[in-house]
Amino acid sequence: MKLPENKKAVYEAMEKFMAQDRAKHTILPISKFGLMQITRQRVKPEVTISVAEDCPACKGTGKIGASMLIVEDIEKNLQYLINHQHKGLSIRIHPILHAYLTKGWLTSRQWKWYFRFKKWIKLVGDSNYHLTEYKFFDANDEEIKL
């Protein structure tokens, strides 16, 4: 719109339409960019719908264990289970952690555990686990609670 009369006509028409509105409002004239700004007071209460659930990784605390320390934590629990005569151990972990622990032949953590504990620890990647989640299973594929 180039003519100021047209801009003024639009502004006045908008004021006329908004006059019936019971909410407090402000209308600014059309700017040089061709925009009209209108603010309006909220009349009805805000409808808040909460659709949240606790995060399975942190149980709703917002904090998880440091991912750098997860391998040391696994090794500590592994040492405990081997000292208590558990046989046929397997660990279910997130696929990214699985790739990290099995990368390299004779240089992977899995091989280092084999040489350290004299037992082969089976690692199973499971995409249902979050990055820092892991569980131990025995030879009968039953979960070992720590």
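Each value in this text was obtained by applying a stated rule to the coordinates, not by laboratory testing. Just so you know, these numbers come straight off a predicted model, no measurement behind them. FYI the Cβ positions are ideal-geometry reconstructions off the backbone, even for glycines, and counts take in every protein chain you see.
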Next on the checklist: Suppose we keep just the DSSP beta bridges with both residues in region 67-144; what percent of those would be antiparallel, to 5?
Outcome noted: 60
Checklist entry - So how far apart, in nm, are the two label points at Ala66 and Glu15 if each is 7 Å from Cα heading toward Cβ? => result 6.5
Checklist entry - Taking amide H positions as placed 1.01 Å from N in the peptide plane, with prolines and chain starts having none, which residues 5 or more places from Val124, or on another chain, fall under 5 Å of its amide H? => result Ile91, Arg92, Ile93
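Set the Förster radius R0 to 30 Å, insert the Cβ-Cβ distance between Glu142 and Asp73 as r into 1/(1 + (r/R0)^6), and round the FRET efficiency to 0.05. Intermediate values should be presented prior to the final figure.
Values: r = 21 Å, r/R0 = 0.71.
So, using R0 = 30 Å, E works out to roughly 0.90.
What is the extension gain from Met1 to Thr107, computed as 0.36 nm multiplied by their sequence separation minus the C-alpha to C-alpha distance, in nm to one decimal?
Working: separation 106, 0.36 × 106 = 38.16 nm, distance 7.24 nm.
Between Met1 and Thr107, full extension yields 30.9 nm more.
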Next on the checklist: Here are a few candidate values for Cα Rg over 2.2 N^0.38 Å: (i) 2.18; (ii) 1.96; (iii) 1.44. Which one was actually calculated from the structure I just gave you?
Outcome noted: (i)
Next on the checklist: Taking the Cα centre as origin and putting +1 on Lys and Arg beta-carbons and -1 on Asp and Glu beta-carbons, what dipole magnitude results for region 27-141, to the nearest 20 debye?
Outcome noted: 280
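If exposed means no more than 16 neighbouring beta carbons inside 10 Å and the site is in a DSSP loop, what's the longest run of the chain without any exposed GluC sites (Glu not before Pro)?
On the way: sites that count: Glu46, Glu53, Glu142.
Of all site-free stretches, the longest is 54-141.
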